[in-house]
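The values are calculated or read from the model by the stated rules, or taken from the named source; none is laboratory data. Just so it is clear, the structure is predicted and the values come from calculations on it, not from any experiment. Note that we place each Cβ from the backbone using ideal geometry, even for glycine, and neighbour counts take in every protein chain shown.
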Amino acid sequence: MIYISKYSIKYNIRVILLSILCLSLLGCASIGKEAPRVHVVDLQIQEVKAFETVLKLELRVINMNDMQIELKGIDCDLEINNEKFASGVSDQKITIPAYGTTIVPMVVYSSVLNVVRGVLGLKGKKKIEYKITGRLHLEGNVLAPSTIRFESGGELSLEAFTPFES
């Protein structure tokens, strides 16, 4: 007959809870104090096909922490004027230095219909609103989170792009 005292059960539960707490704190510490910031730097049309447009998107990733971040990839969705515009992924391995910044180039894809709809939607507008959402996929150990979600947005004035009148 095996005897289990209520004290040994309480002790084991405390050890398990303390272990879970320590592991979760280690996971949070491994990404630093603050999640990286991600901003759109540039968007260029690379190729137009019958049903798809290929675009080069450049993202600036800013690391506000005192430790470097190892990226093994990024995925993102780009919205323009509250409409889904393009999506893409990158498996490029990049190191972002502590208190540093890196530009991450990636390819995103949009349907020709989304591009035409986006251009036609600009008629009469004075600005373009954009939003990018996605995930940074991190290299790391089992204790660290493997992804960090991001969201960024802004607006671009179209008034600077109006043709000169003579």
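Is it fair to say I128 is farther than 19 Å from L57 by Cβ and in contact with an Asp or Glu (Cβ under 9 Å, 6 or more places away or on another chain)?
no
If I filter the stretch 128-138 for residues that are surrounded by fewer than 14 Cβ atoms within 10 Å (Cβ to Cβ) and of a type in the set (K, R), do I get at least one hit?
No, the stretch 128-138 has no match at all.
Please verify whether L156 is more than 27 Å from Q68 (Cα to Cα), of a type outside the set (K, R), loosely packed, with under 12 Cβ neighbours inside 10 Å and at pLDDT 80 or above, treating the condition exactly as stated.
no
Residue-by-condition table, conditions (1) surrounded by 14 or more Cβ atoms within 10 Å (Cβ to Cβ); (2) over 13 Å from P36 (Cα atoms); (3) modelled with pLDDT of 90 or more:
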| residue | (1), (2), (3) |
| --- | --- |
| Y99 | no, no, yes |
| V108 | yes, yes, yes |
| V112 | no, yes, no |
| V115 | yes, yes, no |
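Determine which member of the set E52, E58 is under 23 Å from R117 (Cβ atoms), modelled with pLDDT of 55 or more, among the acidic types (D, E) and surrounded by 11 or more Cβ atoms within 10 Å (Cβ to Cβ).
E52 is the lone residue from the list that is under 23 Å from R117 (Cβ atoms), modelled with pLDDT of 55 or more, among the acidic types (D, E) and surrounded by 11 or more Cβ atoms within 10 Å (Cβ to Cβ).
Kindly provide the set of residues from the stretch 60-84 that are under 14 Å from V40 (Cβ atoms) and free of Cβ contacts under 8 Å to residues at least 40 places away in the same chain, ordered by number.
Passing the criteria: only I62.
Exactly one of these conditions fails for N81: (1) in contact with a Lys or Arg (Cβ under 8 Å, 6 or more places away or on another chain); (2) exposed (fewer than 13 other Cβ atoms within 10 Å of the Cβ). Give me its number.
(2)
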